[in-house]
Amino acid sequence: MLAFGRPPGAPFFMWRLRAPIRFFRPPRTHRLGFPDRRTGNARMDPLLDVQQLKTAHLGPLDLRLQPGELAQVTGASGAGKSLLLRALADLDPNTGSVRLAGVPRESMPPVQWRCQVAYVPAETAWWGERVDEHLPGEFSRDTALHLLEQVALPEDALHWEVERLSSGEKQRLGLLRALLNQPRVLLLDEPTANLDLDNTRRIERAVRSYLAEQDAAALWVSHDTLQRQRLGGRILTIREGLLEAPAWT
């Protein structure tokens with residue numbers, strides 16, 4: 001039997017398994033799908049398909065993310081941006097249909113879903129003494145080294161003591177920790193809030209590179225106007241818990 005072994009004080013959604021588990025990998029969606037009835041052009045099957053998502057303070061709302069897409073989420077403080085990301089990761093009680101590459105969320109164990117649809121908050125949780133205590137039970141060393149290079153951290157950062165980490169180092173390592181699980185969807189809640197401009201741009205490039213290489217998708221919450229211009233793509237605005245019609249940059 002697998003031992004889940006949550007360390008004392010560890011958030012229930014972020015502990016790692018003590019024994020390796022082979023996660024079910026949802027099939028990659030086809031790039032060309034059925035034709036759009038309005039235009040006659042082929043359109044892609046969604047990677048993340050959300051219908052009538054609702055929480056106590058959010059929704060109902062519908063949302064689709066395509067493979068390789070980075071969509072931005074904006075809105076006033078308290079509008080529901082973080083609530084949206086947490087609901088998609090199934091961290092807060094919610095109702096509605098959420099599918100990953102056609103696979104219903106309820107058909108996956110919660111730990112598996114949260115590895116595949118990964119929520120990365122601005123302030124990541126750390127409960128062990130060293131960074132490597134928070135990493136997946138099995139991961140590619142080459143991948144870890146590649147990611148460390150992208151976020152400008154040395155190899156021995158994986159073995160650093162957590163208490164010596166700056167807020168910016170925690171933020172970069174928190175993203176690396178999520179990417180080592182090879183998620184299909186990233187839910188990024190102000191992932192560069194504690195970083196200077198150089199490291200902010202490194203994170204932007206690293207995420208863009210990951211989405212392209214893995215055919216993944218991301219929702220990115222940002223209050224930085226210049227960052228929104230750099231990232232481009234769809235901008236989803238939340239007002240009073242509801243999504244407005246998307247804009248583009």
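The values are calculated or read from the model by the stated rules, or taken from the named source; none is laboratory data. Being a predicted model, the structure only gives us computed values, none of them experimental. For neighbour counting, all protein chains shown are included, and Cβ atoms are generated from backbone atoms with ideal geometry for every residue, glycine included.
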Working only within segment 183-213, note down all residues that are outside any loop (DSSP other than H, G, I, E, B), β-branched (Val, Ile, Thr) and within 17 Å of Tyr119 (Cα to Cα).
-> Val185, Ile203, Val207
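Determine, yes or no, whether Val98 is out of contact with any strand residue (DSSP E or B) (no Cβ under 7 Å at 6 or more places or on another chain) and of a type in the set (Val, Ile, Thr).
Values: out of contact with any strand residue (DSSP E or B) (no Cβ under 7 Å at 6 or more places or on another chain): no; of a type in the set (Val, Ile, Thr): yes.
Answer is no for this residue.
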Filter segment 123-164 for residues that are among the small types (Gly, Ala, Ser) and in contact with a helix residue (DSSP H, G or I) (Cβ under 7 Å, 6 or more places away or on another chain); which is nearest to Asp224 (Cα to Cα)?
-> Ala152
Note on segment 173-201: residues charged (D, E, K, R) and in contact with a Ser or Thr (Cβ under 9 Å, 6 or more places away or on another chain) are Arg177, Asp189, Glu190, Arg201
When residues of segment 51-68 are limited to those that are surrounded by 16 or more Cβ atoms within 10 Å (Cβ to Cβ) and on the phi > 0 side of the Ramachandran plot, the one modelled with the lowest pLDDT = Gly59
May I ask you to list the residues in segment 203-229 that are loosely packed, with under 13 Cβ neighbours inside 10 Å, within 19 Å of the chain's Cα centre (by Cα) and without any contact (Cβ under 8 Å) to a residue 40 or more places away in the chain?
-> Glu213
Test set (1) more than 27 Å from Glu244 (Cα to Cα); (2) of a type outside the set (S, T, N, Q); (3) assigned to a helix (DSSP H, G or I) - Leu85 fails condition number = (1)
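Output yes when any residue across segment 238-246 is buried (at least 16 other Cβ atoms within 10 Å of the Cβ) and closer than 24 Å to Thr143 by Cβ, and no when none is.
First, the residues of segment 238-246 that are buried (at least 16 other Cβ atoms within 10 Å of the Cβ): 238, 241, 243.
Keeping just the survivors that are closer than 24 Å to Thr143 by Cβ gives none.
Taking every residue of segment 238-246 in turn, none turns out to be buried (at least 16 other Cβ atoms within 10 Å of the Cβ) and closer than 24 Å to Thr143 by Cβ.
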Matching helices (runs of 4 or more DSSP H) fully within segment 88-182 where at least 1 residues are free of Cβ contacts under 8 Å to residues at least 12 places away in the same chain = 141-150
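Every residue, every condition in (1) within 30 Å of Ser167 (Cβ to Cβ); (2) at pLDDT 95 or above; (3) among the β-branched types (Val, Ile, Thr); (4) surrounded by fewer than 20 Cβ atoms within 10 Å (Cβ to Cβ), yes or no:
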position: Phe23; (1), (2), (3), (4): no, no, no, yes
position: Pro35; (1), (2), (3), (4): no, no, no, yes
position: Arg43; (1), (2), (3), (4): no, no, no, yes
position: Asp49; (1), (2), (3), (4): no, yes, no, yes
position: Leu70; (1), (2), (3), (4): yes, yes, no, no
position: Ala79; (1), (2), (3), (4): yes, no, no, yes
position: Ser97; (1), (2), (3), (4): no, yes, no, yes
position: Val111; (1), (2), (3), (4): yes, no, yes, yes
